[in-house]
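What follows is a short report on a single structure.
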Ligand SMILES: [Fe+2]
Ligand SMILES: [Fe+2]
């Protein structure tokens, strides 16, 4: 059972979301995907360091697919809901999250291009060069995870009934929380 939570002032931020403090179990499972995405990107970076171009390609594409599905649900379902139901604190509006997604997509394209160069010549020097791009993407992902945990996830969880969020996410196979 959820305990009543104190109401927030207009500019106050809630406690950041974790996988364990959300009322909606489907939203918690959806948030857990951030961890999986980080693991896939880490596997990709390790494969490049091991000069294994084929594994580097596989892991990057698995990461890209996971991020694509996750962002699609956020863009099409959760951010519109956040826009409608949540009083968005300054610096945590819908536009900021959409901009983060664009930056992540652009960062991913740079990593893909860099990987193409690496695959033609998988040397330690090429791996080192690639690391600059993949590290920039790690930063974008970390920053975005922090921003989503700060307002988007906890405020959505407070403002929409857990039953409704669970039903919305479980009804959409793209969310991967069924
Ligand atoms: Fe997310
Ligand atoms: Fe996101």
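No lab work stands behind these numbers, since they all come straight from the coordinates. Just so it is clear, the model here is predicted, and its values are computed rather than measured. Heads up, the Cβs are rebuilt from the backbone with ideal geometry, glycines too, and the neighbour counts pull from every protein chain shown.
For this structure, a couple of remarks:
- For the stretch 92-159: rounded, prolate or oblate by the Cα gyration tensor [a/c cutoff 1.5]: prolate
- Using just its DSSP H runs of length 4 or more, each adding -39500 (n - 2.57), the chain gives a mean residue ellipticity at 222 nm of -23000 deg cm²/dmol after division by all residues.
- Estimated FRET transfer efficiency (residue 158, residue 58; beta-carbon r; R0 30 Å; 0.05): 0.15
- Seen through its C-alpha gyration tensor, with square-root eigenvalues sorted a ≥ b ≥ c, the chain comes out prolate because a/c lies at 1.5 or above while a/b is bigger than b/c.
- Averaging the sequence gap over all C-alpha pairs within less than 8 Å and six or more residues apart, then dividing by the number of residues, gives the chain a relative contact order of 38 percent.
- Each part reduced to its alpha carbon centroid, the stretch 50-109 and the stretch 10-47 end up 12 Å apart.
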